[in-house]
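Participant: Here it is: the structure, laid out below.
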Amino acid sequence: MEVTICLFAKAPILGQVKTRMQRVLTPAECLALHCKLLETCCANLAQAPSACSVELHVTALHSHFADLSQRHGFAIKQQRGRHLGARMSHAVRQSLRCAEAVVLVGADCPSVKGRLLSDMLSHLQTTDAVMIPAHDGGYVALGLKRYAPELFCNIAWGSSLVAEETRRRLEALQWSWVEMPAQADIDRPEDLALLEGD
């Protein structure tokens, strides 16, 4: 099964990334954390099965993205849409024109690697969708073999209700889907403890 993995990332610009961490980190530290997480996610996804192609979906072109693209052989795509839902919707619609499945991953989700990714791809062989929820109520990855705009419209992105609302939408669509165990994304100060030793 041909799969496109879309890694969503904000441009690494001082003061514009990891802003929720600014309660405990300086803007420079937030930027460094963002870049380290992005590099880790790229390294993880570079180990995806050969049937997967990985694309960096970026908010703006930046030399850091060019370096990562060259290092790992990832295509760079500019995000299209006024809000996150519209941008993910566009990526899914475009990806499914040439791939059998698409996986959306955020650049703050270093847990999406190895066995977890393999299990997700295995589920997609037999289901329409796979979701890995985040501990904070969002999701760290969403895999789809079908496109439906309602999965991305009128959702409070960044809130604790994203995964629950996505479940409701998947049920309403009457798609077959699997929910895997929740994982952490690195969004909030309390998530920093998960990175100790890294």
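The values are calculated or read from the model by the stated rules, or taken from the named source; none is laboratory data. This structure is a prediction, so every number in the text was calculated from the model and none was measured. Note: ideal-geometry Cβ built from the backbone for every residue, glycine included; neighbour counts use all protein chains shown. SASA here: full protein model, heavy atoms, side chains in, ligands and nucleic acids out. Shrake-Rupley method; radii C 1.70, N 1.55, O 1.52, S 1.80 Å.
Participant: Between the range 89-142 and the range 22-41, how many Å separate their Cα centres?
Facilitator: Between the Cα centre of the range 89-142 and that of the range 22-41, the gap is 23 Å.
Participant: Measure of size requested: the Rg and Dmax of the range 87-198, with Cα atoms as the atom set and Å as the unit; please supply both.
Facilitator: Answer for the range 87-198, Rg first and Dmax second: 13.9, 43 Å.
Participant: Moving on. Can you give me the solvent accessible area of SER69 with a 1.4 Å probe, rounded to the nearest 10 Å²?
Facilitator: Counting only protein heavy atoms, the figure is 20 Å².
Participant: Let me ask you something else. Per residue, how much accessible surface does the range 25-133 expose to a 1.4 Å probe? Answer in Å², no decimals.
Facilitator: Ligands and nucleic acids excluded, the figure is 46 Å² per residue.
Participant: Counting only DSSP beta bridges with both residues in the range 119-195, tell me the antiparallel percent, nearest 5.
Facilitator: 55 percent
Participant: Suppose a student asked you for the relative contact order of the chain, using Cα pairs under 8 Å spaced at least 6 residues apart; what percent would you report?
Facilitator: Value for the chain: 23 percent.
Participant: Here's another thing I want to ask about it. Using a 1.4 angstrom probe on the protein heavy atoms only, could you order CYS98, CYS6 from most to least accessible area?
Facilitator: These residues rank, largest area first, as CYS98, CYS6.
Participant: Here's something else I'd like to know. Counting only the heavy atoms of the protein chains, how much of MET21 is accessible to a 1.4 Å probe, in Å² to the nearest 10?
Facilitator: Accessible surface of MET21 is approximately 0 Å².
Participant: Mind telling me which of ALA91, ALA134, ALA172 comes out most flexible in a GNM of the chain, alpha-carbon contacts under 10 Å?
Facilitator: ALA172
Participant: To the nearest 20 debye, what charge dipole does the range 82-198 have about its Cα centre, counting +1 at the Cβ of each Lys and Arg and -1 at the Cβ of each Asp and Glu?
Facilitator: Dipole of the range 82-198, to the nearest 20 debye: 660 debye.
Participant: Roughly how much of ARG169 is accessible, in Å² to the nearest 10, using a 1.4 Å probe?
Facilitator: 40 Å²
Participant: While we're on this one: Out of all DSSP beta bridges in the chain, what portion is antiparallel? Express it as a percent rounded to 5.
Facilitator: 30 percent
Participant: Please identify the GluC sites (Glu not before Pro) of the range 24-126 that satisfy two criteria: DSSP loop assignment and at most 14 other Cβ atoms within 10 Å. Which are they?
Facilitator: GLU100
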